[in-house]
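**Q** Please find one structure pasted underneath; my questions will follow.
The values are calculated or read from the model by the stated rules, or taken from the named source; none is laboratory data. Because the structure is a prediction, the values reported are computed rather than measured. Please note: Cβ atoms are built from the backbone with ideal geometry, for glycine as well, and neighbour counts cover all protein chains shown. Heavy atoms of the whole protein, side chains included, go into the accessibility calculation; ligands, DNA and RNA do not. Shrake-Rupley method; radii C 1.70, N 1.55, O 1.52, S 1.80 Å.
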Amino acid sequence: HPWFSTARPATMADAYADRSYGSDPVGFGKTLGIIVVDFQKAFTRPGGALAGSPHIEAAVEATQRLLTHARAAGVRVAVSYVAYATLDAMPHWKVRAVKTDLFRGMPGTELDPRITAGGQSDYAFDKWGASSFFQTPLAAYFTRHGVDTVAVCGCTTSGCVRATVVDAFQF
């Protein structure tokens with residue numbers, strides 16, 4: 001059986017292609033929307049408990065350039081951030097800084113101004129789970145505006161961005 005072969009494909013892409021992944025192109029829909037995940041000061045400000053990664057800084061700068069062009073083209077932009085009303089309202093995080101720095105009204109929940117600059121018509125909303133779709137009105141917002149394709153950017157890739165991408169595929 002090919003899944004149990006001891007021969008190694010030349011690349012990981014070959015292994016997937018051999019099993020027909022990517023054989024049927026999906027393409028793009030008619031209306032693009034952009035989701036920006038968690039570019040808030042807790043992750044982006046110098047000295048923030050969750051900040052300091054050069055990867056996040058580079059991602060913020062790239063996203064800022066993307067949003068400038070997207071807004072000029074009239075693309076819908078939705079910006080999510082994490083903020084909780086109480087400790088009881090949050091999931092069981094293993095990250096202490098989340099439990100101390102991400103309550104509504106705290107500086108860490110404020111959006112990075114590099115992301116919000118020029119975005120007066122952006123849809124900004126708080127979220128309580130990893131995904132920007134989980135128990136938020138994001139799907140309804142995009143449906144209302146005919147968005148059928150999304151591009152996702154933000155932090156952190158292994159958590160909230162990944163969860164948002166998985167849920168975007170399901171909507």
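**Q** Calculate the dipole size of the stretch 64-114 relative to its Cα centre from +1 charges on Lys and Arg beta carbons and -1 charges on Asp and Glu beta carbons; express the result in debye to the nearest 20.
**A** Numbers: 8 positive and 4 negative charges, 40 e Å.
Around 200 debye, computed over the stretch 64-114.
**Q** Taking only DSSP H segments of four or more residues, each worth -39500 (n - 2.57), what value at 222 nm results for the chain once the sum is divided by all its residues, to the nearest 500 deg cm²/dmol? Spell out each step's value before the answer.
**A** Working: 7 runs with 55 residues, N = 171.
So the helix-based figure for the chain works out to -8500 deg cm²/dmol.
**Q** Oh, and also: Among the aspartates and glutamates, select those whose C-alpha is under 20 Å from the C-alpha of LYS41, and discard any that sit fewer than 8 residues away in the same chain.
**A** GLU57, GLU61, ASP101, GLU110, ASP112, ASP122, ASP126
**Q** Using amide H atoms built 1.01 Å from N in the peptide plane, name the residues 5+ places from VAL150, or on other chains, whose amide H lies under 5 Å from its own.
**A** Under 5 Å from the amide H of VAL150: GLY33.
**Q** Which aspartates and glutamates does LYS99 reach when only Cα atoms under 13 Å apart count, and residues fewer than 8 places away in its own chain are ignored?
**A** ASP88
**Q** Got a sec to turn the phi values of the stretch 31-44 into Karplus ³J(HN,Hα) couplings, 6.51 cos²θ - 1.76 cosθ + 1.60 with θ = phi - 60°, whole Hz, x for Gly and Pro?
**A** For the stretch 31-44, the Karplus curve yields 10, 8, x, 10, 10, 10, 9, 6, 7, 10, 4, 4, 9, 10 Hz.
**Q** Using a ≥ b ≥ c from the Cα gyration tensor of the stretch 20-171 (square roots of the eigenvalues), is it rounded, prolate or oblate, where a/c under 1.5 gives rounded and otherwise the larger of a/b and b/c decides, a/b for prolate? Display every interim value, and only then the final one.
**A** Values: a/c = 1.64, a/b = 1.42, b/c = 1.15.
Prolate, since a/c reaches 1.5 and a/b exceeds b/c.
**Q** Could you give the accessible area per residue of the stretch 1-125, probe 1.4 Å, as a whole number in Å²? If you can, show how the numbers build up before the last one.
**A** Values: 8100 Å² over 125 residues.
Each residue of the stretch 1-125 exposes 65 Å² on average to a 1.4 Å probe.
**Q** For the stretch 58-107, what ratio Rg/Rh do Cα atoms give with a Kirkwood hydrodynamic radius? Before the final figure, lay out each step's value.
**A** Values: Rg = 15.3 Å, Rh = 13.4 Å.
In the stretch 58-107, Rg relative to Rh is 1.15.
**Q** Which is farthest toward the positive dipole end of the stretch 1-109 among THR100, ILE56, LEU32, measuring Cα position about the Cα centre, with Cβ charges +1 (Lys, Arg) and -1 (Asp, Glu)?
**A** It is THR100, whose Cα lies furthest towards the positive end.
**Q** Another question, then. Provide the net charge surrounding LEU67, with neighbours chosen by a C-beta distance below 10 Å and charges set as Lys +1, Arg +1, Asp -1, Glu -1. Numbers along the way, then the final one.
**A** Working: positive: ARG65, ARG71, ARG114; negative: ASP122.
Net charge around LEU67: +2.
**Q** Still on this structure: Pop out the carbon and sulfur fraction of the accessible area of the chain as a percent, whole number, probe 1.4 Å.
**A** Working: 6160 of 10540 Å².
Reported share for carbon and sulfur atoms: 58 percent.
**Q** So for the stretch 16-118, averaging the separation of alpha carbon pairs under 8 Å that are six or more residues apart and normalising by length, what relative contact order in percent results?
**A** On the way: 116 pairs, mean separation 35.9, N = 103.
35 percent.
**Q** Which Cα, out of CYS155, LEU111, TYR16, lies furthest along the positive dipole direction of the chain (beta carbon charges, K/R +1, D/E -1)?
**A** Farthest towards the positive pole: LEU111.
**Q** With +1 on the Cβ of every Lys and Arg and -1 on the Cβ of every Asp and Glu, and nothing else charged, how large is the dipole of the chain about its Cα centre, in debye rounded to the nearest 20?
**A** 160 debye
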